[in-house]
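S.K.: Can you read through this structure? Questions will come right after.
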Amino acid sequence: PLAQARDLLSRLEALDGAGRVTPLGRDMAALGVHPRLAHMMLRARSLGLAQLGSRIAAVLSERDPLRAAVGFADPDLRLRLDALQGHGLPPGVTVDRRGLRRLEPLAQQLARQLDRVRAPQPGRAALDESEAVGLLLAFAYPDRIGRARAGTGGRYVLSGGRGAAFTGPAALARSEYIVVAALDAGEREARIQLAAPVQLPLLLDHFAPLVTDADSVAWDPRSETVAARRIRRLGELVIADEPLRNPGPQAVAAMLDGIR
């Protein structure tokens, strides 16, 4: 558990490579909320999205305010944010008014706590709020960024290495990339309970330190050729797998392996 906690705090940039608390980590501690939410709120403020970050933190801190008939539950976090702002909801989905009334004061309280923490002056928001929800969620859950498994319909591989899936029909299943805020362990795959879509270019822009490239050059006995590929990962999540041009001396070595 201690090693897992340190790994999470490192992912959230609260600890540096030597295990020391970073300036961001000190700001996170000053907020007095879960480190995941603290990191998300501070990053939201740096993007000029402090109010949205506070609303997301409020929704994630309380019981789900949406109610739905069996088979109609929608895991899209954006619906909860819409309800909080008084927007309409899809057919079959209703709101727990008492639970919803608790969220607005909580969001305002979190925004005030965020104002009290010293930090660099926020930039101007360059993102539409609906587009930004998934990105902000990724700041809280960098280990739960998911990419759809090809041809499976609603099944995902997460950046932390786990598999996850929607338990029923969901519009979010059309998204290639999502971020999962809540899941329930299943026998083979975790069940996604709450998530939001996210765009790959935003992930590449804001999570560059987690992106790695690795070249694979080896003899393929099936095709009897040298297989050379460049694999790009975000955490443990493969986001690109493309042929590698001009692999150089590695290709010669692989060819010799094949001849042997």
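The values are calculated or read from the model by the stated rules, or taken from the named source; none is laboratory data. This is a predicted model, so every value here is computed, not measured. Cβ sites come from the backbone with ideal geometry, for glycine too, and all protein chains shown count toward neighbours. Ligands, DNA and RNA are stripped out before the accessible areas are found, and what is left, the full protein with its side chains, is counted by its heavy atoms. Shrake-Rupley method; radii C 1.70, N 1.55, O 1.52, S 1.80 Å.
S.K.: Between the helical axis of 129-140 and the dominant principal axis of the chain, each derived from Cα atoms, what acute angle in degrees is found, rounded to the nearest 10?
M.R.: 70
S.K.: Which entry is the computed log10 I(q)/I(0) by the Debye sum over Cα atoms at q = 0.08, 0.12, 0.14 Å⁻¹ for this structure: (1) -0.52, -0.86, -0.99; (2) -0.39, -0.78, -1.00; (3) -0.44, -0.81, -1.04?
M.R.: The calculated read-out lines up with (2).
S.K.: When a/c reaches 1.5 or more, the comparison of a/b and b/c decides; with that in mind, is the stretch 169-221 rounded, prolate or oblate per its Cα gyration tensor?
M.R.: The shape class here is oblate.
S.K.: Now for a different question. What is the Rg over Rh value, at two decimals, for the stretch 1-130, using alpha-carbon atoms and the Kirkwood definition of Rh?
M.R.: 1.03
S.K.: Here's a follow-up. Using R₀ = 35 Å, calculate the FRET efficiency as 1/(1 + (r/R₀)^6) where r is the Cβ-Cβ separation of Arg63 and Asp213; round to 0.05.
M.R.: E between Arg63 and Asp213, to the nearest 0.05, is 0.25.
S.K.: Same structure, new question: Quick one: angle between helix 97-116 and the longest Cα principal axis of the chain, in degrees between 0 and 90, rounded to 10, please.
M.R.: 70
S.K.: Additional query: Provide the net charge surrounding Pro201, with neighbours chosen by a C-beta distance below 15 Å and charges set as Lys +1, Arg +1, Asp -1, Glu -1.
M.R.: Within the 15 Å Cβ shell, the charges total -2.
S.K.: Let me ask something else. Take the alpha-carbon centre of the stretch 71-99, take the same for the stretch 16-52, and report the distance between them in whole Å.
M.R.: Each part reduced to its Cα centre gives a spacing of 28 Å.
S.K.: Now for a separate question. Which residues' amide hydrogens lie under 5 Å from the amide hydrogen of Leu244, considering only partners 5 or more residues apart or on another chain, with H built in the peptide plane?
M.R.: Sorted by chain and number, the residues that satisfy this are Ala228, Arg229, Arg230.
S.K.: Something else now. How much net charge surrounds Gly88 when only other residues with a Cβ under 13 Å from its Cβ are counted (Lys, Arg +1; Asp, Glu -1)?
M.R.: It works out to a net charge of 0.
S.K.: Any idea of the accessible area per residue across the chain, 1.4 Å probe, to the nearest Å²?
M.R.: In whole numbers, the chain has 56 Å² accessible per residue.
S.K.: Averaging over every viewing direction, what projected area does the convex hull of the Cα atoms of the stretch 1-58 cover, in nm²?
M.R.: Its Cα hull, projected and averaged over all orientations, spans 4.1 nm².
S.K.: Under the rule of at least 5 residues apart or a separate chain, name every residue whose amide H is placed under 5 Å from the amide H of Ile239.
M.R.: When sequence neighbours closer than 5 places are left aside, the close amide H contacts are Arg232, Arg233, Leu234.
S.K.: Sticking with this structure for a sec: Rounded to whole Hz and in sequence order, give me ³J(HN,Hα) for the stretch 12-21 from the Karplus expression 6.51 cos²θ - 1.76 cosθ + 1.60, θ = phi - 60°, writing x for Gly and Pro.
M.R.: Once θ is set to phi - 60°, the couplings for the stretch 12-21 become 8, 6, 7, 10, 8, x, 8, x, 8, 5 Hz.
S.K.: Residues with amide H under 5 Å of Leu194's amide H, sequence separation 5 or more or different chain, H placed in the peptide plane at 1.01 Å from N; which?
M.R.: It is Ala181, Ala182, by chain and number.
S.K.: All other residues with a Cβ under 14 Å from the Cβ of Pro35 taken together, and with Lys, Arg as +1 and Asp, Glu as -1, what is their net charge?
M.R.: Counting the neighbours of Pro35, the net charge comes to +1.
S.K.: In percent, what relative contact order does the chain have, based on Cα pairs under 8 Å that are 6 or more apart in sequence?
M.R.: 14
S.K.: What spacing in nm lies between the two simple spin-label points modelled at Gln108 and Ala150, each 7 Å away from Cα in the Cβ direction?
M.R.: So the label points at Gln108 and Ala150 sit 5.2 nm apart.
S.K.: If you don't mind, another one. On the accessible surface of the stretch 134-240, probed at 1.4 Å, how many percent belong to carbon and sulfur atoms?
M.R.: Carbon and sulfur atoms account for 46 percent of the accessible area of the stretch 134-240.
S.K.: Using the Karplus equation 6.51 cos²θ - 1.76 cosθ + 1.60 (θ = phi - 60°), what ³J(HN,Hα) coupling, rounded to whole Hz, does each residue of the stretch 163-168 give in order, writing x for Gly and Pro?
M.R.: x, 8, 8, 6, 7, x
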